[in-house]
Every structure is written in C-alpha cells, then in structure tokens.
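Structure record follows, encoded as structure tokens.
The values are calculated or read from the model by the stated rules, or taken from the named source; none is laboratory data. As the structure is a computational prediction, the values presented were derived from the model and not from experiment. We place every Cβ from the backbone using ideal geometry, glycine too, and count neighbours over all the protein chains shown. Note: accessible area is taken over every heavy atom of the protein model, side chains too, but ligands, DNA and RNA are not part of it. Shrake-Rupley method; radii C 1.70, N 1.55, O 1.52, S 1.80 Å.
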Amino acid sequence: MTRTGDPVRNINVKPPFNRSNLKSGIIKKNGLHKTAQKNGTKNVAHPGPRDRESYEQAPLYVAVMTYLGFGIVTLFGYLRDFLRAVGLEKCHLAQEREEQKDFVPLYQDFENFYMRNLYMRLRDNWNRPVSSLPGPMFDLMERVSDDYNWTFRLTGRTIENVINMGSYNYLGFAENNAGFLKTVADTTDEYGAGVCSTRQEMGNLSIHTELEDLVAKFLGAESAITCGMGFATNSMNIPALVGKGCLILSDELNHTSLILGARLSGATIRVFKHNNMQRLERMLREAVTSGQPRTHRPWKKILILVEGIYSMEGSIVRLPEIVALKKRYKAYLFLDEAHSIGAVGPTGRGVTELLGVDPSDVDVLMGTFTKSFGAAGGYIAGKKELVDYLRAHSHSSVYATAMSPPVAEQIIRAMKCIMGLDGTTIGIQRVRQLAENTMYLRRRLREMGFIIYGPLESPVIPLLLYMPGKVGAFSREMLDRKIGVVVVGFPATPIGEARARFCVSAAHTKDMLDKVLCAMDELGDYLGLKFSRQTTSDRPELYDETDFELDS
C-alpha cells in the first residue's frame, strides 16, 4: 500500500487536536483529514508530502528462509573454521606469528567470522574493475578466481557496453564530452591539477571564491564554504559545531560520515527511529525539560542530524515536520543533501525545493559534488556567521588541502548548466529527464511485483532480495546480461533485508531502462524475487504520526 499527499507548506505548530473531534469521528493530523476507526476497520492514512512512498512487508516464508539461510551458512562457517584450525583446510587470511599466539587475536577474531565465511562467497560481486568512463554504460575488466574469491586474476578480456545502474551519476555530468569540458581543460592549463596548500595559507584561489558564491546563490543561502572531500564535509565540520555539553539527535539510518562526525565531536548522541516524528519529539521534549544527565543543566545546543535522501532506503526526510519541531523546541537542524541536491525538485534545488521548505529554516545545509555534479568534494551553506566560523574552526578548512582547480571548474560548469547561466536549457532538461526516468523505472518495477522502497521522486531505488544466496545470483545473472548493479547486505543493511540498489541517471535512455526491466522481469521469475503482495509494512517507525498538527 502506498501513501499520497500534497506538499506541506507554511508550517505552524498547533496544540493537540480537540477531544470533541473524536466524538464526531473526525481527526485532523499533519494536514490530513481522517475518519476515526470504527468496528475494527483499519484506517491507513500516512502523513507526508511525497508519500507515494512504499515499504511493503515480505511474506512470512521469505523471512523464515532468509534466517534459515544465514543459519546454515553460520554452521558451515564454524565447521570450516575447525578444519582450518586443525590444518585440513588452507587458511588464506592473515595470521598471528607463533610468538604472539598468547596475545589477544589481531586477525582471527570473531568479528572476521562473517567476512571469512559469507562475504568471501559473494566477494566477486564487488570491486569490479572499470576500464572506461562510468557513464550510463561502461566497460568492465573480466576477472576470475581460482581459490573461491580469496584472490582474483584478470583474463585480459573486457566486458563492453554494460548498462551502469549503480553510479550516482544522477544528471549525467560524469561525462567526457570535449565541448562540455573545455572550460575544465582551460582551468587545468591555467592553475594546474593541484594546489598543494590549505585555503588559509597559499591555496585560496579566485576559482574557490567563485564556486562558493555560486553555491550560495544556487541554494538561496547567505554564504557557503566548500571542502575537497564529501565524506570529510560531515566528519570534520560537525565537531566544529558541537562538543561536550551538546546533544545530537541522529536518524538511525544516517550515513557513516554523519555518525563519525557526531562521535568525534564529543557531544552526547541519541538515535531516533528512521523518520519517526513521535520519537524525535519525545526526545526533544525530554532534552528540554530534563537537561543533561545528573546535573540537569540545559544543553548548550541541540542539533538534529538528518539526510535529504537516505542512500540505502531511498526514503525522503520528513523535512516540514522536522522544521516545525526544531522551531518549537529551539533546536538546530543539519541537513545532508548528498543524494538529493541536483537530483530532486523542479529545478534541482533538493528536498527543500521538493517539499516547499524555505532554505533559511535549515540551519546547516550540507551537500556533496560527487553525485549530481560529477565531481568531488562538498559544501556547507547557511548564514554568513556560521560559514565564517567554520572557516576559522573547521578541520577541513584549516588543515585540508584546497579543492583541485579543475574539480572546482567542473562543479561551476555543472551548476551553471543546471541554473541556466550557460545560456542553454540542458541542465533543466536533465533534471526533468531524471524525474521521468525515476518514475518510469519505479512504476514498472512495482507493476512487475518487486518490493521496492522509497517514494516516486527518489532516484535511489532499493529492490529487496532478502536471501543471501539470491544476492550473489542476482548480481552475476545481471552482469551476464550486461547490466551492472550494486548489491548490498548485512552489515550495511538489516540482516534480513539484503537488496540491490539502482541509481537512476538522466543519461539513461528509455531503451536502456527497458532492457533492464526486461532482464528484471526474467530474473524475477527465474530467481523468485517478485515478493510483492501490496501489503503495507508493520514497521511503525516508517508510518508514525506526530502528535502535533500542521496547516497545509
């Protein structure tokens, strides 16, 4: 079952609904009208603006077979570890020296059990060497293993014209068109490839200033600062914003860069269920009323960490509700738009534009240039006071080498194209084409009977495979059909929710998508992957309702 709704705008927090509404059987929550449940009839109305969002529950037998598969692999893993210990099977892993046998194990600890006995069975599905531009189609170097995936050797052959369904090349700017890249080549001639200094020393070039001014204009923010590495944009800037005596409220599905930044900050971290506004509000209320543990002093700052599009679920943040909560409880909001900037919204401005939220309502706007812009690095935008503070206190600004000039020019080129400042409509056409491709692929996969997560607008499409054996089989069979896909399993996902993750690009043609769909239809029957029964998931964290009202 899916959820539908219109964008929520002009958010005003109201007191809880009146009890008299219960008597009349009418309840209004989050801008939605519902009829109260009667005679055991179950009402399903889910809040949210983009919520043609689907989270189906697989049939019970799928969960049983998934855990049974992991159980069998675990038993065989213990048996093979025993055979390795007695010398009946060769051990390919690094081992401690004999004189260190009484030490705490450095290599052969239990944490490596999963890698030894399951990951190695599927290792050939990852780290495949690419030998061409990773555009909508690419070439792969063929490799084989003679020792069950412990090592690989190249055969010298190339698998050509593989459809790329895994790269984050949302707008197709990872390209090698000589005409489009002329300004990048000219910048390389003028500045060279590297800066060899930090921004605060000898690495602050005019092109960096131009880029930051353009980013601020694109986002509708007062100012912006750029970093040379997307991951470090989170992990090195969050510690500059909060520290001891501060509280971080983090979505449970946040990216590792956000988690690392939160841990490095020294702040207290509390995790709330994914997109669960009830849980988030309870945490905010408790933080405001109780303060810090033991001393009960007020928190110096409360920072909410969320993403625009979550890279493993394909889900979109419930931004209007979070903005309402952060205003109500006087908290700060950090929004990571790594996967959403450029990829969603009528003009590619991300989830703030998609959901009708004023960018000034978000205290810290973060995004990366590694996906929609086909480059590298990241940015943080917001009020001028915030950006000036980060220039002086952020490790990524003070200690990291400045962004490579050709990379900066590539970002400028792509951003101007999206904004139409290059005098063409190519950028906006790509944004629209991405939206069309995304909706087309999502609708067709759902019609075929696959379980996919996320709303129609999200170009990240997780397709649930569940069973560990099907993960490897699906990836290999797709490659045999010249389609490159990314498969993901535990510990990157819950143990019972292994999946393939498709990333749609504006550069994909309809013929490419139809070839993928044809292969998916065939494999769905062959491997038994069409689990959809259109039954809504009972995971309450995905469907909760807030206890405050929003005007639409």
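Which count do you get for residues in the range 182-240 that are more than 22 Å from Lys416 (Cβ to Cβ) and aromatic (Phe, Trp, Tyr)?
Residues meeting the conditions: 1.
Considering only the range 493-513, state which residues are part of a strand (DSSP E or B) and either open to solvent by less than 10 Å² (accessible area, probe 1.4 Å) or of a type in the set (Val, Ile, Thr) (or both).
Within the range 493-513, Ala498, Arg499, Ala500, Phe502, Cys503 qualify.
Between a first residue in the range 116-132 that is of a type outside the set (Val, Ile, Thr) and a second residue that is in a loop (DSSP other than H, G, I, E, B) and open to solvent by less than 40 Å² (accessible area, probe 1.4 Å), which pairs have beta carbons less than 6 Å apart while being 6 or more apart in sequence or on different chains?
Met120/Asn149; Arg123/Asn149; Asp124/Asn149
Just wondering, is there one or more residues in the range 317-334 that are of a type in the set (Gly, Ala, Ser), touching a residue at least 40 places away in the same chain (Cβ under 8 Å), buried (at least 21 other Cβ atoms within 10 Å of the Cβ) and under 30 Å from Arg430 (Cβ atoms)?
Checking the range 317-334: not a single residue is of a type in the set (Gly, Ala, Ser), touching a residue at least 40 places away in the same chain (Cβ under 8 Å), buried (at least 21 other Cβ atoms within 10 Å of the Cβ) and under 30 Å from Arg430 (Cβ atoms).
Do we find that Val407 is within 24 Å of Gly135 (Cβ to Cβ), within 17 Å of the chain's Cα centre (by Cα) and among the aliphatic types (A, V, I, L, M) in this structure?
In short, no.
Of the residues in the range 300-332, how many are over 13 Å from the mean Cα position of the chain (by Cα) and among the aliphatic types (A, V, I, L, M)?
Summing the residues that are over 13 Å from the mean Cα position of the chain (by Cα) and among the aliphatic types (A, V, I, L, M) in the range 300-332 gives 10.
Search the range 499-517 for residues that are under 11 Å from Pro459 (Cβ atoms) and pair each with any residue that is in a helix (DSSP H, G or I) and modelled with pLDDT of 95 or more when their beta-carbon atoms are under 6 Å apart and the residues are at least 6 apart or on different chains.
Hits for this filter: Val504/Asn437; Val504/Thr438; Val504/Leu441; Ala506/Arg430; Ala506/Gln433; Ala506/Leu434; His508/Asn437.
Those residues that are assigned to a loop (DSSP other than H, G, I, E, B), in contact (Cβ under 8 Å) with a residue 40 or more places away in the chain and open to solvent by 70 Å² or more (accessible area, probe 1.4 Å), I need them from the range 178-192; list them, please.
Scanning the range 178-192 gives a single hit, Phe180.
Does the range 433-447 contain at least one residue that is open to solvent by 10 Å² or more (accessible area, probe 1.4 Å), under 30 Å from Ser197 (Cα atoms), among the hydroxyl-bearing types (Ser, Thr, Tyr) and more than 20 Å from the chain's Cα centre (by Cα)?
no
Select, from Phe103, Phe76, the only residue that is among the aromatic types (Phe, Trp, Tyr), over 30 Å from Gly449 (Cα atoms) and at pLDDT 80 or above.
Phe76
Tally the residues that are of a type in the set (D, E, K, R), within 16 Å of Thr209 (Cβ to Cβ) and modelled with pLDDT of 95 or more, restricting the search to the range 379-396.
2
For the list (1) farther than 30 Å from Ile428 by Cβ; (2) under 29 Å from the mean Cα position of the chain (by Cα), I need the number of the one condition that Leu171 fails.
Unmet condition: (1).
Could you list, in sequence order, the residues of the range 134-174 that are open to solvent by less than 70 Å² (accessible area, probe 1.4 Å) and modelled with pLDDT under 90?
Once the filter is applied, which keeps residues that are open to solvent by less than 70 Å² (accessible area, probe 1.4 Å) and modelled with pLDDT under 90, the range 134-174 yields Pro134, Asp147, Asn149, Trp150.
For Phe490, only one of the following conditions fails: (1) open to solvent by 10 Å² or more (accessible area, probe 1.4 Å); (2) among the hydrophobic types (A, V, I, L, M, F, W, C); (3) not in a loop (DSSP other than H, G, I, E, B). What is its number?
Every condition holds for Phe490 apart from (3).
Quick one: Ser340 ticks every box in (1) open to solvent by 10 Å² or more (accessible area, probe 1.4 Å); (2) hydroxyl-bearing (Ser, Thr, Tyr); (3) at pLDDT 95 or above bar one, so which box is it?
Every condition holds for Ser340 apart from (1).
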